[in-house]
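J.: One structure, as structure tokens, below. Some questions next.
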Amino acid sequence: MALSELFTDYTLRTVALGSIFLGIVSGTLGTYAVLRKQSLIGDMVSHAALPGICLSFLIIGSKNTEWLLLGAFLAGWIATIIINIIHTHSKIKYDSALGTVLAVFFGFGLVLLTYIQKIPNANQAGLENFLFGQVSTILQRDVIFMGIVAVFTILPVILFWKEFKLLSFDHDFAAIIGFSTNKLDLLLTTLMVIAVIAGLQSVGVVLMSAMLIAPAVSARQWTDKLSVMIVLSSIFGAVSGVVGTLISSSIPKMPTGPIIVVVVTIIAFISMLFAPNRGLIWKKVRDYYNKKELSTHMVLNNLYILAKNHEDPFHPHDLETICLYNNGLRLSKRMMKKELNKLKISGLAKEYEEGNWAITPEGFKKMEEIHFEGGGDME
Amino acid sequence: MNPQLEIQTIAILVAISCSLSGVFLILRQMAMMADAISHTILLGIVLAFFVIQDLSSPLLIIGAAIMGTITVFLVETINKTKLVNEDAAIGLIFPFLFSLGIILVTLYAGSIHLDVDAVLLGELAFAPFNRLIINGVDIGPKSLYIMLVILILNILYIALFYKELKLSTFDIGLAATLGFSPVFIHYSLMSLVSITSVAAFDAVGAILVLAFMVGPPTIAYLVTDNLTKMIWLSVLFGIISAISGYWVATWFDVTIAGTMATMVGILFAIVFIFIPERGLIATMHSKKEQKYEFALISLLMHIINHQGTPREIEELGIDTIKNHLYWEEKFTEEIIDRVLDKNYAYIEDNILKISEEGKKFALSNYYHIVDLD
């Protein structure tokens, strides 16, 4: 599968375009979901949509996509409102409320589904597929739909940029300085529900919860700035959509949705390992260097203490004596010698005959400065 | 036993087992871990199937349970890096493992019948078809016995480790200081949750497992602050939803599992709204009462502050007082009515005047608030 086919193959182009729109929408709103510790809202909403889909089918009597989506949106929206009410008016924790509402809504959806399956109406076949979605069946009109959703969800985010930012990072402060946090909360949650429902139909329940979380988690590792995080998150979402589509079209029988989830999760793992500053490997390397620098400083400190306790500050001492002041730092003599040599190279310590060592005036001055800055003195 | 009774017995066994481990799950704020586990065990079943090559083998359950524990381990590992929040860690791991499961099924197991929908949705109505036959004698449905074993396991675990569970749930630091291993309790509990979900899931489907694990304990949590009572109540609520769910489902001829989950929701709604003192109505009412009480005292203090001053007519006049309290007109009228009703104040020449009684009431509350003596 060559990359150029992405631009020539019609079906592939449609799917890729759809994935890009999906990536942008879920990347942007996923960022807020992750920052506000509401990551699992996607999972909840996508399950809670089922009764809405069924009820809307029961009322309309046909599988008209727009109406089904509207029903799904309303059900998901009501579910989030209920969770909010439970959370604010009782001692029940957010996750318990989330789990209960998810299970109950989905269970009720199944009740309706089995009820629908009994009424003699040929239309009902495949209603549940609506919930489990199939990326490879994305049509051009889905792409246009996703594009419209993208515009209508991104626009409010831009308009309410500073409000949403404040809401996500310091909710109490936002309330104190007079923003109506209830309304803003509602708006942001509504946008999240729209994003989830819009993606649901094309990619299904499980992919949708991954698309909300994984790109945002990846982006979080690379930056501490909200705007950059949103852009990165959208890019990660879009890229994994396209890469997943390419993989599934080059390997026979490979399902598109799940492979996108795998790709997007791998991006998250890579980010958590390798991202500068926050990444695990970066942290390990930094810890290693910090530790090394610290132990060199500690040895210099030993020399400094010895110097302060002698009439002649630059009187040389042997290794055993220097090792006595271990400061919780248990260095072997070999390691101690290594550290001393390092100090010698930077001119902070001097080696005398028979392996005796002393601090140099430069080293003494440096330690005085360090102790002065630290506000104490090691007498 | 007739099938009706068998289904209800299985449902009750599932309800009790799930409620028991669910209590500790929601107290530890890990409700969504049950949701995660119920998804990832698919991968466990698929992998175990590749090894065993037999879809009816009980070893599949063990494979699935191991995958449940692996899920917990992976989430914990990601948590420990502190790079993501716990909820995001759960949401990162379970779609990933679930997707791997689906990919494996579609790529390699296309010929065998492993219906993903059936695994996730489950149908209790079919449980009696799968019989346990020993020496040619039919002794009842298989899932009945499996769930019985699981229930005994749950009861044994909680009875044996009750003290440790309680301590590590409510004060993890103290538990560690006293020498109990919170890690051991955590993983053993999560393994129990995992085994319970897998077994229950085989009988009733993933959604009912989640509904029974999180629902009844959450309702019980609303009712009581006592752990022992919470356990008994959540068992009770589980049984009520199971039995009522069964009968409603038969009445309307719809899915049994789904109806039971719906009954959990209805039970929750009733308790949440109507329970005295903590219910929605009670808290709304007491919040409103507090608001009125506070306004009443504010009004009395306003009168005390301005009574006898030159601006008395303006500040305390019946027609002008609303301009100084900055309240909505209707609310102001209501509060004035209340004050008059209680004889805390009276009207003289169209001016509000405080009574001795009102003065005493307001000042006692004032000292109560500011703690002056």
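The values are calculated or read from the model by the stated rules, or taken from the named source; none is laboratory data. None of these values were measured; they are calculated from a predicted model. Cβ placement follows ideal geometry from the backbone for every residue including glycine, while neighbour counts extend to all protein chains displayed.
J.: Taking the conditions exactly as written (in contact (Cβ under 8 Å) with a residue 40 or more places away in the chain and more than 18 Å from B:ILE16 (Cα to Cα)), does B:VAL248 satisfy them or not?
T.: No: the conditions fail for B:VAL248.
J.: Out of B:PHE94, B:PHE50, which single residue is part of a helix (DSSP H, G or I), free of Cβ contacts under 8 Å to residues at least 60 places away in the same chain and crowded, with 23+ Cβ neighbours inside 10 Å?
T.: B:PHE94
J.: Could you tell me which residue of segment A:168-195 is surrounded by the fewest Cβ atoms within 10 Å (Cβ to Cβ), considering only residues that are in a loop (DSSP other than H, G, I, E, B) and out of contact with any helix residue (DSSP H, G or I) (no Cβ under 7 Å at 6 or more places or on another chain)?
T.: If we take residues in segment A:168-195 being in a loop (DSSP other than H, G, I, E, B) and out of contact with any helix residue (DSSP H, G or I) (no Cβ under 7 Å at 6 or more places or on another chain), then A:GLY178 is surrounded by the fewest Cβ atoms within 10 Å (Cβ to Cβ).
J.: Of these, A:ALA216, A:ALA210, A:ALA198, A:ALA238, which one is over 27 Å from A:LEU68 (Cβ atoms) and either assigned to a helix (DSSP H, G or I) or away from chain B (no Cβ under 13 Å) (or both)?
T.: A:ALA216
J.: Tell me whether segment A:265-287 contains one or more residues that are assigned to a helix (DSSP H, G or I), among the hydroxyl-bearing types (Ser, Thr, Tyr), surrounded by 19 or more Cβ atoms within 10 Å (Cβ to Cβ) and within 12 Å of chain B (Cβ to nearest Cβ).
T.: Within segment A:265-287 (the criterion being assigned to a helix (DSSP H, G or I), among the hydroxyl-bearing types (Ser, Thr, Tyr), surrounded by 19 or more Cβ atoms within 10 Å (Cβ to Cβ) and within 12 Å of chain B (Cβ to nearest Cβ)), the answer is yes, since at least one residue qualifies.
J.: In addition: Keeping to segment A:331-366, report how many residues are assigned to a loop (DSSP other than H, G, I, E, B), under 12 Å from A:THR296 (Cα atoms) and over 44 Å from the mean Cα position of the chain (by Cα).
T.: So the count comes out to 1.
J.: Does segment A:3-21 contain any residue that is in a helix (DSSP H, G or I) and within 14 Å of chain B (Cβ to nearest Cβ)?
T.: Scanning segment A:3-21, I find no residue that is in a helix (DSSP H, G or I) and within 14 Å of chain B (Cβ to nearest Cβ), so the answer is no.
J.: Is it the case, given these coordinates, that A:GLU311 is away from chain B (no Cβ under 14 Å), of a type in the set (Asp, Glu) and in a loop (DSSP other than H, G, I, E, B)?
T.: yes
J.: Out of the residues in segment B:309-333 meeting the condition of being in contact (Cβ under 8 Å) with a residue 24 or more places away in the chain and charged (D, E, K, R), tell me which one is surrounded by the most Cβ atoms within 10 Å (Cβ to Cβ).
T.: B:GLU312
J.: Which residues, counting only those in segment B:253-267, are facing chain A (nearest Cβ under 8 Å) and surrounded by 24 or more Cβ atoms within 10 Å (Cβ to Cβ)?
T.: Answer for segment B:253-267, where residues must be facing chain A (nearest Cβ under 8 Å) and surrounded by 24 or more Cβ atoms within 10 Å (Cβ to Cβ): B:THR255, B:ALA257, B:GLY258, B:THR259, B:MET260, B:ALA261, B:THR262, B:VAL264.
J.: Next question. Quick check on this structure: which one of A:VAL34, A:VAL45, A:VAL25, A:VAL104 is at the interface with chain B (Cβ under 7 Å from one of its Cβ atoms), under 22 Å from the mean Cα position of the chain (by Cα), at pLDDT 90 or above and part of a helix (DSSP H, G or I)?
T.: Result of the check over A:VAL34, A:VAL45, A:VAL25, A:VAL104: A:VAL34.
J.: With respect to B:LEU83, is the statement that it is under 30 Å from B:SER234 (Cα atoms) and either away from chain A (no Cβ under 14 Å) or among the aliphatic types (A, V, I, L, M) (or both) true?
T.: Here the answer is no, as B:LEU83 does not meet what is asked.
J.: So is B:LEU222 assigned to a helix (DSSP H, G or I), in contact (Cβ under 8 Å) with a residue 24 or more places away in the chain, surrounded by fewer than 22 Cβ atoms within 10 Å (Cβ to Cβ) and touching a Lys or Arg at 6+ places or on another chain (Cβ under 8 Å) or not?
T.: The answer is yes for B:LEU222.
J.: Looking only at segment A:275-318, count how many residues are in contact with a helix residue (DSSP H, G or I) (Cβ under 6 Å, 6 or more places away or on another chain) and under 30 Å from B:ILE93 (Cα atoms).
T.: 6
J.: Something else about it: Any chance segment A:221-228 includes a residue that's of a type in the set (Ser, Thr, Tyr), within 13 Å of chain B (Cβ to nearest Cβ) and in a helix (DSSP H, G or I)?
T.: Checked segment A:221-228: no residue is of a type in the set (Ser, Thr, Tyr), within 13 Å of chain B (Cβ to nearest Cβ) and in a helix (DSSP H, G or I).
J.: Another question, if that's okay. Take the residues of segment B:138-168 that are β-branched (Val, Ile, Thr) and buried (at least 20 other Cβ atoms within 10 Å of the Cβ): which is modelled with the highest pLDDT?
T.: Going through the qualifying residues, I end up with B:ILE150.
J.: Something else about it: Only one of (1) over 14 Å from B:VAL72 (Cα atoms); (2) within 12 Å of another protein chain (Cβ to nearest Cβ) is not met by B:ALA34, so which one is it?
T.: (1)
J.: Now, a different point. So which residues in segment A:175-204 are among the small types (Gly, Ala, Ser) and more than 23 Å from the chain's Cα centre (by Cα), if there are any at all?
T.: A:ALA175, A:GLY178, A:SER180, A:SER202, listed by residue number.
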